[in-house]
1. Within region 197-209, is even one residue of a type in the set (Lys, Arg), within 21 Å of Cys147 (Cβ to Cβ) and not in a helix (DSSP H, G or I)?
2. Sort out which residues of region 156-176 are out of contact with any Lys or Arg (no Cβ under 8 Å at 6 or more places or on another chain), open to solvent by 20 Å² or more (accessible area, probe 1.4 Å) and either under 23 Å from Thr232 (Cβ atoms) or touching a residue at least 24 places away in the same chain (Cβ under 8 Å) (or both), and write them in order of number.
3. Could you give every pair whose Cβ atoms fall below 6 Å, whose first residue belongs to region 27-47 and is under 22 Å from Ser292 (Cβ atoms) and without any contact (Cβ under 8 Å) to a residue 40 or more places away in the chain, and whose second residue is of a type in the set (Gly, Ala, Ser) and open to solvent by less than 70 Å² (accessible area, probe 1.4 Å), counting only separations of at least 6 or pairs across chains?
4. Within region 117-149, how many residues are touching a strand residue (DSSP E or B) at 6+ places or on another chain (Cβ under 9 Å) and over 18 Å from Ser281 (Cβ atoms)?
5. Filter region 135-175 for residues that are at pLDDT below 95 and assigned to a strand (DSSP E or B); which is farthest from Thr265 (Cα to Cα)?
6. With Glu195, Glu210, Glu182 as the choices, which residue is open to solvent by 80 Å² or more (accessible area, probe 1.4 Å), of a type in the set (D, E, K, R) and either out of contact with any helix residue (DSSP H, G or I) (no Cβ under 9 Å at 6 or more places or on another chain) or at positive phi (or both)?
7. Determine which member of the set Phe77, Phe100, Phe58 is more than 21 Å from the chain's Cα centre (by Cα) and either exposed (fewer than 15 other Cβ atoms within 10 Å of the Cβ) or not β-branched (Val, Ile, Thr) (or both).
8. Name the single residue that is nearest to Gly263 (Cα to Cα) among those in region 113-143 being of a type outside the set (Ser, Thr, Tyr) and without any contact (Cβ under 8 Å) to a residue 60 or more places away in the chain.
Amino acid sequence: MLKIGVDAMGGDYAPEAAVKGAVMALDAIGPDSRIVLFGDEARVRAVLAGEGCPADRFDIVATTEVIEMGDHPAKAFQAKADSSITVGFGYLAKGAIDGFASAGSTGAMMVGSMYAVKPIEGVIRPTISSIIPTVTGHPALLLDVDCKPEVLAQYGLIGSIYAEAVLGIRKPRVAVLNIGEEETKGNTQSKATYELLKADDRIDFVGNVEASYLFTGKVADVVVCDGFVGNTVLKMAEGLYHINKKLGGGNAFWDAMNYENVGGTPVLGVNAPVIIGHGISSARAIKSMILSTEQCIKADLTVKLQHAFKN
């Protein structure tokens, strides 16, 4: 039995949204999957009762504390030993669940990823990534962080493995987000990253990609860039989505911009599947987050990443 751990106390609307999302996910997950809810048992059972859902359809692990969004992530993870996030990571570390997802504190989720399940040996710095839509209907992956070229180059490999294993993209094309396609374009960091990716024969490196091609799907399936640039791109896309929605526009491409359809993003480079959802997650977003977690588990993503970094 595959067990998907869910932080029932994570997110602005927990536990209601988290538990309702878990109920919505029941008919969507595989018959060999079971959801494990971590949180205030009385409140979790109350929401289930309100939904008319028998509690025995879930495993419930009772916890008494919650890591709040305003808490210091590292301190709270240690001090609140009976929090839903800390206990969830304890179960994940000992293999009692196969993956863990939360729409709670991103910082605490990263602390748990780093210190409970730990980075894969050889990975310099684990990261979270963003799945972005393209007009082709197939998603692309954007990996961004403030880091050295060596780390960005690793993300090219990590993203390539994720895109193939989870997104189903055969031989993903990897590119560096830059101001031009020419090899000589960009700052020192992007030029150094280009050279490192070019030398890695484990990936299909296609060079630089301009932002104007980011959502076309025609140039690359995996795009790496520094954190400032990546965050700027994502915030701009989010703003355009809301503007388009207010103007009444809508199609498959813009619908794919809705975070509720993605649900969460994986922490890539650690020894177990960890998914982080948006703090404002609705029940629908929680359902998507749970399905993303199941997908990562079934794709055997962790083992594939571990194997890649043994070489």
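The values are calculated or read from the model by the stated rules, or taken from the named source; none is laboratory data. Predicted, not measured: the structure shown is a model, and the values here were computed from it. Here the Cβ positions follow ideal geometry from the backbone for every residue, glycine too, while neighbour counts run over all protein chains shown. Just so you know, the surface numbers come from the protein's heavy atoms only, side chains and all, with ligands and any DNA or RNA stripped out. Shrake-Rupley method; radii C 1.70, N 1.55, O 1.52, S 1.80 Å.
1. Filtering region 197-209 down to residues of a type in the set (Lys, Arg) leaves 198, 202.
Filter once more, keeping what is within 21 Å of Cys147 (Cβ to Cβ): 198, 202.
Those left that are additionally not in a helix (DSSP H, G or I): 202.
Yes.
2. Leu167, Ile169, Lys171, Arg173
3. Going by the 6 Å Cβ cut-off, the qualifying pairs are Leu37/Ala8; Val44/Ala8.
4. Here is the first cut: in region 117-149, the ones touching a strand residue (DSSP E or B) at 6+ places or on another chain (Cβ under 9 Å) are 117-120, 123, 125-134, 139-147.
Those still in the list that are over 18 Å from Ser281 (Cβ atoms) too: 117-120, 123, 125-127, 132-134, 139-147.
The qualifying residues number 20.
5. Looking at the filtered set, the residue picked out is Val145.
6. Glu182
7. Working: Phe77 fails: more than 21 Å from the chain's Cα centre (by Cα); Phe100 fails: more than 21 Å from the chain's Cα centre (by Cα).
Of the residues listed, the single one that is more than 21 Å from the chain's Cα centre (by Cα) and either exposed (fewer than 15 other Cβ atoms within 10 Å of the Cβ) or not β-branched (Val, Ile, Thr) (or both) is Phe58.
8. Ala116
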